[in-house]
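Below is one structure, written out as structure tokens; the observations come after it.
Just so it is clear, none of the values below were taken in a lab; they were calculated from the coordinates. Small disclaimer: the values here were computed from a predicted structure and weren't measured. We place every Cβ from the backbone using ideal geometry, glycine too, and count neighbours over all the protein chains shown.
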Amino acid sequence: MTTTHDSTPEREWWRSAVFYQIYPRSFQDSNGDGIGDIPGIISRLDVLRDLGVGAIWLSPVYPSPQADNGYDIANYRDIDPTMGTLDDFDNLVAEAKQRGIRIIMDMVLNHSSDEHPWFQASRRREEPYTDYYIWQPAAPDGGPPNNWTSFFMGTVWEWDEVRGEYYLHLFDRKQPDLNYSNPAVVAEMKDVVRFWLERGVAGFRFDVINVLSKQSYADGRPTLVIRGNEHYNTTEGTHEFLRQLRAEVMEPYGAFSVGETVFITPEEAQNLTNKARGELDTVFYFDHLEVDRVIARYVPRGFSAHRLLKRLTAWQERLEWNAIALENHDQPRIVSHYGDDGVYRERSAKLIATWLLTMKGTPFIYQGQEIGMTNFDMTGLDQLNDVESHNIDALMQRFRFPGSLRWYITRQASRDNARTPVQWTSEPGAGFTDGQPWLPINANAETINFASQVEVPDSVWSYYRDLITFRAASPTLLRGTFTPLFSDKTLMAYRRSPAPDEPEADETYTIVLNFCGYSRRLSPWLHADSEAERPRIVWSNIGRAGVLPDKLEPWEAIILGMPKEA
Ligand code: ISL
Ligand code: CA
């Protein structure tokens, strides 16, 4: 048995590690079929080590019909043939370990694929699978059992001819929800988690973890967005399942968990991660990525650094520990979102790195973020693969949204923005594939690519690497407290101070970020009365040195160092 914790000197390694999310389809193809795979990942482990990555979150690699790119699992105990084999996977874990990198798996406990043999048996009422999923008879009028709506739009209920009942799917109709009130399902899923721990993974990113256990199937209250979630959001049943999972399965392996959550408040997140309750180590939340959105990712409004700092502070202060991600495979590229993907692309990408790596918590970098990749230069819906984009477009058509508005919304919200292949080189195929890529490669691969940045001083890649090194050596950045200092529409500043019980000496850092394309005066809020008293710049994204200036340049980011009492 190879379990990672055997070689782990400290149990809470994940507090100091920097994580890197791999979306395998788009990371590196090794055999020319246009789809990234596990041997491709292995071939890039050296550069992840060089960047300073301590752990990889691997998006799903299980057998899947790929209705939702692997988030529809058809076998929880194997590897999809397009990704490789179980041997390749074991090899990945071993090769990563040799480089000091741990692997955490993405685990989708809420739903499987409708092509999973469990579901096929369930619709035929074959034991023990009859009640593995959530089945309900039709309402008296023959319609769906309630008015809930799916995360991917429309009703959550799909009629099944074979069984003569409706089944529930919070996501796509090809993703039926598993039934957590069935003890057999609970036991099965614990065993699935154990299967991968036995293969040496260091933990899990649990997909939509706070919706597993449904409390009732009554109608949902009327809302603009998703209807019905008050019946399944972060229920006591889910808490109870997580406590069992941790005590019985995760704890013996010292495994780490980050749960992805939807519609969650800092209070509920606190309950999920509070050490004493023994559920999850940490959670992903998305409040800080929606300050320029009215409804989830769809309806835009102006960016406000003030709103951003307010939301960050709520989570930074409420949670003992945070998992911090600014991008993932569902979100737009952060440089196209909060940054400037035009003239100031490099500088704003570095500002964003400064933000990510100086917050309190464990930072997650999404593949391509470290070279400042931008949103997909999509030209038409036919180029898109994302099931959600197609569903939302169909819904907007039904409501007679004009084509230009539909396209505007799709372009800024489509999850394919972050799913285009990683741009390794400027060659055709971008060093990602020798074949036809499954999703188009962004034309800007000619100028934005890994080869032109790796080990090149001043590149975005080098900036990430250097700041990861700086963070790793700073007790304050690793463990210190967080205090908001100042914010307005485009400027934000916060402070990291040594933790009260910090054994090692370190400075207090003030981080100042100018989220806009024009320069900004700084005083008087940083109250530097005389030149001599001004704090020193210890880090800059434009090569600035010396003391705090009066003015920040467009998209400038600085870290100021101060003695502890400042
Ligand atoms: O992107 C979203 C919809 O607009 C989010 O609500 C997203 O669906 C939610 O964060 C859950 O995401 C996770 O589970 C989904 C999968 O499609 C996503 O890729 C995954 O990250 C269903 O498994
Ligand atoms: Ca391949």
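Some points to look at:
- Each of Val93, Val47 was scored by other Cβ atoms within 10 Å of its Cβ. Arranged with the fewest first, they read Val47, Val93.
- With the helix formula -39500 (n - 2.57) applied to DSSP H stretches of n ≥ 4, the chain reaches a computed 222 nm mean residue ellipticity of -7000 deg cm²/dmol.
- Note that region 480-561 shows a convex hull volume over its alpha carbon atoms of 94 Å³ per residue.
- Cβ crowding within 10 Å ranks Ser304, Ser64 as Ser304, Ser64, fewest other Cβ atoms first.
- Here's the list of lysines a cross-link from Lys310 could span, going by alpha-carbon distance under 30 Å and ignoring same-chain residues fewer than 8 apart: Lys275, Lys350, Lys360, Lys489, Lys551, Lys564.
- In terms of surrounding Cβ atoms within a 10 Å radius of their Cβ, Ile537, Ile41, Ile511 rank from fewest to most as Ile537, Ile511, Ile41.
- Rounded to 10°, Cα long-axis angle of helix 345-357 versus longest principal axis of the chain: 80
- Angle in degrees between helix 183-198 and the longest Cα principal axis of the chain, rounded to the nearest 10: 50
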